[in-house]
Amino acid sequence: MPSPETVRAIAQDAGFDLVRFGPADPGEHGVKFLSWLEAGRHGDMQYLAANTERILDPTKWRPGVRSAITLAVDYGAAPVELPGGGRVARYAAGRDYHRWMRERVFALREALEAAGAPFGSMNGGTDAVPVLERALAIRSGIGFLAKSAMVISPTHGPYLQLAELLTGMDLPPDAPSPGSCGTCTACLDACPTGAIVAPFEIDARRCLSYTTIEHRGFVPPDLRTPQGEWLFGCDICLEVCPFTKRSQRAALRGEQRPRDLRPHRVVETWTLVDVLALDAARYDADFVGTAMRRATLSGMRRNAAIVLGNRGDESALPHLERALSDADPVVRGHSAWAIGRIDAKSPSLERALARESDDRVRDELVAAISGEAPPVAR
């Protein structure tokens, strides 16, 4: 059986910046999770409610687990912007973290088994496994809970990609992380949608990381203008955090960055107009290997329309007007909203209204022409 010191050394060799040991269950965070679900703050993320039993009790997912090896990678970077505008959250700028983090977790598991850990006694991953990753990270000392509900490492800051390996080994738990947000409310003050409803409390339904990625269909009208330049995700609560300066990689550029954290070619070459016109073939060919696929083809095009409308660039009008004839009603509706933001007198809106049969898109067209906000939902 590998010693705790050996486990840490192997994990660091596998590419993790932080390695801690702690309980495999979420502890008191589980109660807060249930309250969050009951309040409906998870929005359309029904997979969270469907996996509640396994999330609260990891032995329901992996029998025999006794400890969690919690892991983190510092992905800090400069702001990520597409050519000509449109921002992408830093964690999604490089290779899909689901892939490279999972590869590191599996490499760690194989190395630990080679070092004497019982074969088949460990399993884990990142993001897509039924555990409360932030809860495990906090309980093991990776960092402390921020008022933004993120995890902040006192040595590496808040740009942390988290993962975990649940194991049957009895590993000595690490002490809680030092540090706290103190009296700072920078994240609450800066959140453009008020998604941080109180310290440590998030309403995902208002969070741009939810509306631009997880949410399907029409974005609530009152959340479109606050979306600003964000095409995918949002980094605002992290950018304003005083601990951001602790990131070990934020200043690294180009070849200085780890291979998995270098910008994906899509981020470096595609424009908002390109994304708006994106078709299924190009989406499947060019967006392979990026976490942005999570938003779906429709969602990415919708997001591009919103950002173009927020930018108010008249050069985008021909592209948005062309999108009024798109097969996807979500793209048509948000393109209408964007045109209304740029030029509500565009004759393309009246022409589109005359032929439009989808009631939700018609609402968007009427609102764009009149200068009023479209109804929230039908």
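Here's the picture: charge each Lys and Arg Cβ at +1 and each Asp and Glu Cβ at -1 in segment 221-332, and of 236, 226, 256 the one pushed furthest to the positive end of that dipole is 256. You can think of it this way: the chain between residue 351 and residue 31 has 109.9 nm of extra reach, that is 0.36 nm per residue less the Cα-Cα gap.
Temperature 10 °C, viscosity 1.306 mPa s: under these conditions the Stokes-Einstein estimate for segment 197-299, based on its Kirkwood radius over C-alpha pairs, is 100 µm² per second. For the chain, a Gaussian network of Cα nodes joined below 10 Å ranks 165, 34, 272 by mean-square fluctuation, and the top entry is 34. Adding -39500 (n - 2.57) for every DSSP H run of four residues or longer, then dividing by how many residues the chain holds, sets the calculated 222 nm ellipticity at -10500 deg cm²/dmol. Taking label positions 7 Å along the Cα-Cβ direction at both residue 66 and residue 370, the computed distance is 6.7 nm, reported to one decimal.
With the alpha-carbon atoms of segment 228-280 aligned to their principal axes, the span from lowest to highest coordinate is 40, 28, 14 Å, starting with the largest. Its convex hull of Cα atoms gives the chain a direction-averaged projected area, equal to a quarter of the hull surface, of 18.9 nm². Between 153, 335, 298, the Gaussian network model of the chain with springs among Cα atoms under 10 angstrom shows the greatest mean-square fluctuation at 298.
For residue 195, nonlocal amide neighbours, meaning residues 5 or more places apart or on other chains whose placed amide H falls under 5 Å from its own, do not occur. Each Lys or Arg adds one and each Asp or Glu takes one away; over the other residues whose Cβ falls under 9 Å from the Cβ of residue 21, this sums to +1. Note down the net charge around residue 162, summing +1 for each Lys or Arg and -1 for each Asp or Glu among other residues with Cβ under 13 Å from its Cβ. Result for the neighbourhood of residue 162: 0. Multiplying the residue separation of residue 190 and residue 359 by 0.36 nm and subtracting their alpha-carbon distance yields 57.3 nm.
Phi angles of segment 78-83 translate, via the Karplus equation with coefficients 6.51, -1.76, 1.60 and θ = phi - 60°, into HN-Hα couplings of 5, x, 10, 9, 5, x Hz per residue; Gly and Pro are given as x.
The Cα trace of segment 229-378 gives Rg and Dmax of 18.0, 56 Å, the first to one decimal, the second as a whole number.
Within the listed set 344, 280, 89, the residue fluctuating most in the Gaussian network model of the chain (springs between alpha-carbon atoms under 10 angstrom) is 280. For segment 105-171, the normalised intensity computed at q = 0.22, 0.25 Å⁻¹ comes to -0.95, -1.08 (log10 of I(q)/I(0), Debye sum over alpha carbons, equal scatterers, no solvent). Descending by average beta-carbon neighbour count within 10 Å, the peptides 75-82, 169-176, 327-334, 156-163 line up as 156-163, 327-334, 75-82, 169-176, the highest first.
Using only Cα atoms, locate the centre of segment 311-372 and the centre of segment 29-85, then give the distance between them in Å, rounded to an integer. With segment 311-372 and segment 29-85 each reduced to a Cα centre, they are spaced 37 Å.
Read the figures in this text as sums done on the coordinates, not as results from a lab. Note that the structure is a prediction, hence the values are computed from the model and not measured. Note that each Cβ is placed from the backbone with ideal geometry, even for glycine, and that neighbours are counted across all protein chains shown.
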